[in-house]
Amino acid sequence: MATARVIETMANYHSNRVDLIFAEFRYEVLATLWQYLLTLEGWDFLRLYPVPADSPTVAGLCRLVVHQGLRAAFLEDQTSPYLTIQDEWNEYARRLPSQIKRKVRKAERLGSDGNLKTEIFTRDADLDAILPQMFEVAEKGWAGQAGTAISSTAQLRGFYTDLAQVANEQGWLFMGLLKAGEQAIAYEYNLRYEQTAYNLKLGFDPAVAHHNPGTVLRYAVLSDVFQNGYRLSEFDFLGNAESYKLMWTQQTRPHLKIYLYHPRSAYGRLLHLIQSRLLEPLKVRLRRT
């Protein structure tokens, strides 16, 4: 059986979003990149994902497809939740679902005698003390069992350690820990860049799920976002629109998976035919250019 030869973005489970970065977006850059790719041998299609649907890259690729008569497919991919920071914290908190408020009140009662406490780290953090606690919590959760936690391999530990160090130096750090006594039971690995906070990773110890640690920590993190003057306009939950994220917001951002097929690849033409003619009856929603 033939195997498709693909050029694609460097994306995996730890990549919540992919895009081309331009200081100033120019269609000519995309056209030049495409002409360069056509000089390379041995590939059938280019695949980019997950690309924000409102990115200038999408508009530029549509223009490229039309101008050069390319075979392409623009497929719906993940839908990612985000929260616009525009109200006062008290107003936002008042509108939260009652189940969140009950969980937080329960945590506040536990926290009144020192059992539960939250810690937020934004700059000059002691990462040698913080990261091992996050890694330990990550190992205990479902992601640890699936091998996709931030601590699952030496390479992942190294990547998230290096990223945290750079963020700490640049003022991008925005991490949170929830502790029961001195034991960390939940973490959020977040970054701040320009006016947006990004939730890269989070997790909690399932042994203390009765404390609702993920909800309690998220409440504390968002409270900090609203109240502590970081000049943020958005909290980006990243990833898919899962139910535990949609408790906090109903705003979502669509993403696309984009295929551009090599015009001289017979296999590429076949793959495009399968997508555009055979998968459509199976309710694959194709956006043609």
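We did not get these values from a lab; they are worked out from the coordinates using the rules stated. Everything numeric in this text was worked out from a predicted model, so none of it was measured. Neighbour counts are summed over all protein chains in view; Cβ atoms, including those assigned to glycine, are modelled from backbone coordinates with ideal geometry.
For this structure, a couple of remarks:
- Panel note: the C-alpha atoms of region 87-232, placed on their principal axes, show extents of 41, 36, 26 Å (largest first).
- Between region 93-134 and region 66-88, the Cα center-to-center distance that results, in Å: 33 Å
- Computed on the Cα atoms alone, the convex hull of region 6-86 gives a volume of 134 cubic angstrom per residue.
- A dipole drawn for region 87-232 from +1 and -1 charges on Cβ atoms has a positive end, and of Ala167, Ala146, Ile120 the residue lying farthest that way is Ala146.
- Cross-link partners for Lys179 among the aspartates and glutamates, with Cα-Cα distance under 14 Å and sequence neighbours closer than 8 places in the same chain left out: Glu108, Asp113, Glu119, Glu136, Glu188, Asp205.
- For region 185-195, 3J(HN,Hα) computed residue by residue from phi via the Karplus equation (6.51, -1.76, 1.60; θ = phi - 60°) reads 10, 7, 9, 10, 9, 10, 10, 10, 9, 6, 9 Hz, glycine and proline entered as x.
- Distribution of pairwise C-alpha distances over the chain, 10 Å bins, in %: 6, 23, 29, 21, 15, 6, 1, 0
- Between 0 and 90°, nearest 10: helix 154-170 axis offset from the chain longest Cα axis: 70 degrees
- Qualifying lysines (Cα of each under 27 Å from Cα of Lys257; at least 8 residues distant if same chain): Lys201, Lys245, Lys283
- When GluC sites (Glu not before Pro) are flagged only if DSSP places them in a loop and at most 12 other Cβ atoms lie within 10 Å, the longest unflagged stretch of the chain comes out as 89-181.
- The chain: angle of helix 98-111 to the longest principal axis, Cα-based, in degrees nearest 10: 40 degrees
- Computed from Cα positions, the angle between helix 27-38 and the longest principal axis of the chain comes to roughly 70 degrees.
- Under 16 Å from Lys101, Cα to Cα: aspartates and glutamates that are on another chain or at least 8 residues apart: Glu91
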